[in-house]
Amino acid sequence: MISLRWLAGVMTLFTLLTRSSAAEPKPLLNPNDLPPYPSAGSPEATHSQRNARQLLGGITLNPGNADAEEQALAKAVDDAMKQLAPAEAKAYRDDPALLLSDTYQGKAHEWVMDRHGAEFNASLKFSKQPRTKEAQKQLSKVVDLVDMILFFELANDPNFRPLFASFYDAADLMRKTNKTGFQGLYDHARNDKLIGYPSESPPSSSISSLEEHLGELHKRYPLLLAKLEELQKEAAIPPDVFAGIKFGELYRLLDGVAQNAVLMRAPKEVEELRQKLRTSVIQLANLRAKRQQQLRPNR
């Protein structure tokens, strides 16, 4: 005969296992629905190089009817291009993390617009609907929780970790010499009150690495997901709108990390040459526009 004590023990164990399984947090991202992974080995042009080509589009450097002023500006553009190309090549060769980040800039946005443009547009339309101040605050909380969860999931993905490291490694080095800079870099506790996380955690200022930051987010991950689900229901956010919010924050996060990494890692010489090229192209284009205007007959 089966004893009641044994049966009670089995039922208790079953309850604990069921609760444990039910409490297992479900990731926000589907691993089969992610943007392309960053890769430093891609032979394509970087974002900065594509921007330079776009800037130069339609610019003729040696028109036959150019006067001395126009020829001087055209030469300045040509000289800047010839100086920038080897400087960029050396920078990318010396710093593979810079190459990886600069190549990846804009990729996540392109992917989201291609794969999830309809949901993204639905989220934009939803965000513009009139709502009370309290409802707007609730929507802002949803977006902020989505951002924190996406950061945790993407930065922990070994395929995306090099992109995050390219920025945060550079930022950590700069923080060692500039104690007042990047004070909000590791703001893991900003939603602790909202999600009900105890406040005995270390302050953000004591976190000194991406690894430590992710460790703090790991402690909060189940609570972040649970609160997000709760707020999503309270705000009555339709599934397609929520998907649009999620993918919109995804591309902003990935492209933002890549852009900031480039800003942090690009050598000063390269940035100065890029600025010199932009200035020269704009001056040349403005001069030619002015000359074209002068050639038009007065009406």
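The values are calculated or read from the model by the stated rules, or taken from the named source; none is laboratory data. Since we're looking at a predicted model, the values are computed, not measured. Neighbour counts run over all protein chains shown; Cβ positions are idealised from the backbone, glycine included.
Quick rundown of the values:
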read-out: Matching option when the condition is closer than 19 Å to L34 by Cα and in a loop (DSSP other than H, G, I, E, B), among D157, D147, D114; value: D157
read-out: Test: residue in region 43-63 that is under 18 Å from L254 (Cα atoms) and surrounded by fewer than 16 Cβ atoms within 10 Å (Cβ to Cβ); value: no
read-out: Region 114-147 - residue that is among the hydroxyl-bearing types (S, T, Y) and closer than 10 Å to G248 by Cβ and, of those, surrounded by the most Cβ atoms within 10 Å (Cβ to Cβ); value: S123
read-out: Lone unmet requirement of (1) surrounded by fewer than 14 Cβ atoms within 10 Å (Cβ to Cβ); (2) of a type in the set (A, V, I, L, M); (3) in the same structural domain as E110 (by TED's automatic domain parsing) for A258; value: (1)
read-out: Boolean, D67 is closer than 30 Å to P222 by Cα and acidic (D, E); value: no
read-out: Residue selected from region 261-296 under the condition of a type outside the set (D, E, K, R) and not in a helix (DSSP H, G or I), by the criterion surrounded by the most Cβ atoms within 10 Å (Cβ to Cβ); value: A266
read-out: Exclusive hit being of a type in the set (D, E) and free of Cβ contacts under 8 Å to residues at least 12 places away in the same chain, set E134, E119; value: E134
